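One structure below.
The values are calculated or read from the model by the stated rules, or taken from the named source; none is laboratory data. Bear in mind that the values here come from a model prediction, so they are computed numbers and not experimental data. Here the Cβ is made from the backbone with ideal geometry for all residues, glycine too, and neighbour counts use every protein chain on show. Just so you know, the surface numbers come from the protein's heavy atoms only, side chains and all, with ligands and any DNA or RNA stripped out. Shrake-Rupley method; radii C 1.70, N 1.55, O 1.52, S 1.80 Å.
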Amino acid sequence: AKGRNEGIDITAAPGTPVGAAAEGTVAAITQSAEGVPIIVVRHDNNLLTVYANVADVQVAKGDSVGRGQPIAALRDSADDAFVHFEVRDGFDSVDPTPFLE
C-alpha cells in the first residue's frame, strides 16, 4: 500500500529495557504465532505504538505508562536481539522515526 511503513527493527543487547515511545495506556498485550509477546500502547490522537519480539513484559493491559518507562526487555535470541517497533494511526501504519528522537 502507498506510504505504508511496517515499522522498524531496533537492535541492542539482549535484556536491554524497551521504553514506551510516549505517554499512553497499555491497550493490549498479545503474542506472535511463536508465543513471543507483543505490546500495544495507545496514545493521544488515536496513535498506537507496537513493540514486538520482546520479553519480560513489565506492564499489564490498562496500565498508564510514561515516555521512556520500561515496558519490557529485549529478548535473548540466537541473532541480534531487537524490538520491532511500529506506529499506527488507526489502521494506517506511519513512519516511526519521529518517535525515536
Out of curiosity, is S64 of a type in the set (S, T, Y), out of contact with any strand residue (DSSP E or B) (no Cβ under 6 Å at 6 or more places or on another chain) and surrounded by 12 or more Cβ atoms within 10 Å (Cβ to Cβ)? no
Just one listed residue, out of V41, V50, V83, is crowded, with 19+ Cβ neighbours inside 10 Å, part of a strand (DSSP E or B), β-branched (V, I, T) and modelled with pLDDT under 95, and it is V83
Selection over the range 53-80 where residues are without any contact (Cβ under 8 Å) to a residue 60 or more places away in the chain and either within 16 Å of E34 (Cα to Cα) or assigned to a loop (DSSP other than H, G, I, E, B) (or both) yields a count of 17
Say whether the condition of being in contact with a helix residue (DSSP H, G or I) (Cβ under 9 Å, 6 or more places away or on another chain), touching a residue at least 24 places away in the same chain (Cβ under 8 Å) and either assigned to a loop (DSSP other than H, G, I, E, B) or of a type in the set (A, V, I, L, M) (or both) is met by at least one residue in the range 87-101. yes
The condition from (1) exposed (fewer than 15 other Cβ atoms within 10 Å of the Cβ); (2) within 12 Å of V18 (Cα to Cα); (3) of a type in the set (K, R) that R75 misses is numbered (1)
By residue number, the members of the range 5-38 that are in contact with an Asp or Glu (Cβ under 6 Å, 6 or more places away or on another chain) and open to solvent by 60 Å² or more (accessible area, probe 1.4 Å) are T11, P14
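If I ask for residues that are out of contact with any Lys or Arg (no Cβ under 9 Å at 6 or more places or on another chain) and among the polar types (S, T, N, Q), which ones from the range 47-79 would you list?
Q58, S64, Q69, S77
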